[in-house]
1. Quick one: in region 303-316, which of the residues that are under 17 Å from T79 (Cα atoms) and free of Cβ contacts under 8 Å to residues at least 40 places away in the same chain is farthest from the chain's Cα centre (by Cα)?
2. If only one of T6, T86 is within 30 Å of V126 (Cβ to Cβ), out of contact with any Leu (no Cβ under 8 Å at 6 or more places or on another chain) and modelled with pLDDT of 85 or more, which one is it?
3. Does region 131-159 hold any residues that are of a type outside the set (V, I, T), in contact with a helix residue (DSSP H, G or I) (Cβ under 7 Å, 6 or more places away or on another chain) and part of a loop (DSSP other than H, G, I, E, B), and which are they?
4. Please name all residue pairs, on different chains or six or more residues apart, with Cβ atoms under 6 Å, provided the first residue is in region 97-113 and is farther than 21 Å from A63 by Cα and assigned by TED's automatic domain parsing to the domain that holds F191 and the second residue is surrounded by fewer than 19 Cβ atoms within 10 Å (Cβ to Cβ) and among the hydroxyl-bearing types (S, T, Y).
5. Give just the number: which of (1) touching a helix residue (DSSP H, G or I) at 6+ places or on another chain (Cβ under 8 Å); (2) buried (at least 22 other Cβ atoms within 10 Å of the Cβ); (3) modelled with pLDDT of 95 or more does L91 not satisfy?
6. Condition first: surrounded by fewer than 17 Cβ atoms within 10 Å (Cβ to Cβ), touching a residue at least 40 places away in the same chain (Cβ under 8 Å) and not in a loop (DSSP other than H, G, I, E, B). Now tell me which residues in region 267-300 satisfy that.
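The values are calculated or read from the model by the stated rules, or taken from the named source; none is laboratory data. Remember, it's a predicted structure, so these values are computed and weren't measured experimentally. Counting neighbours? That spans all protein chains shown, and the Cβs are built from the backbone with ideal geometry, glycine included.
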Amino acid sequence: MDNYLTTEQAAAKLQLHQNTVIRYIRDGRLKAIKVGNAYRIRESIVAAMLGEVEQPAHPTDSAWIIAVANQKGGVAKTTTSVNLATCLAALGKRVLLIDLDPQGGCAVCLGMDTTELQRTVYDFLVGRIPDVGRITVKTDHGFDLLPSNIDLSGAEVELKKLLAQENVLKRRLESVVGSYDIILIDTAPSFGILTVNALTAAHSVLVPVSCDLMALRGLRMLLDTVVDVRAATNPDLQILGVLATKFDSRTINSREVSEYLAALCVREGIRFFDDVIKQSVRVAEAPNSGQPIVSLMPDLEASQAYRKIAEEILHE
């Protein structure tokens, strides 16, 4: 897990004066986050400056599986999943997006009518159609989608009949991981068997958090859930980072929540993405067009942020 260093610690590792490190930060030569009146620098960034090579936190010979999760709804999990899938595909990666939410939001964001879907992730999960190629939809945005609809709600009951129910998705994906570079899993806003399956199958979890006070409780619950999953089913699960969404710099509440998230991530040793997804009517209305916002309005601040985050993820 990436740790954060103070400017004094970074200066010692880089064999520089502390004032030089601060100047590098202010000049944009050294990436850091501000917590109160102090700066914090990720240890991996300092290591990169020293030319140190770290082992990748995900497999290089098969798909890197990333669950996008938060136990609170309305934090832009689906928006983040769809737009990151688009950005990662544009960067040349073979991407599969799995919608593990019965609301079928990923398909809706891409202009699909979920009521007309004849085959969905439900059929793949319960073993009716083990060949994922018969279910996936090739989108116009460069990635494949394993869609869902309300039928998936029945999987909660079906999975309880199976042996090692929390490992079902992981087992099903064994035949798929060699065909993709990255598999993104959009999860439901609840801690049910579907979310447990996603976290058990994943190598990493990305946590979108909207900049409102109620969302902070959802983050704490998610962090506790990750601890539980590590103990029970997936000891190697890593937190890829926390992404602030629906940020409105005009409101004190939004700024305070963002600052709190940054400080919390420093304390917990978790990455906090520097780029935030700003509150925007255009982002909220993008599903009406059936296109990800990064395709619909590539110059929008939110679109630029998603592209930067995708690039940062690939350099993980």
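1. Checking each candidate, the answer is Q304.
2. So the residue among T6, T86 that is within 30 Å of V126 (Cβ to Cβ), out of contact with any Leu (no Cβ under 8 Å at 6 or more places or on another chain) and modelled with pLDDT of 85 or more is T86.
3. If the condition is that a residue be of a type outside the set (V, I, T), in contact with a helix residue (DSSP H, G or I) (Cβ under 7 Å, 6 or more places away or on another chain) and part of a loop (DSSP other than H, G, I, E, B), then H141, G142, F143, P147, S148, N149 are the ones that fit.
4. What qualifies is P102/S153.
5. L91 satisfies every listed condition except (2).
6. Across region 267-300, the qualifying residues are E268, S289.
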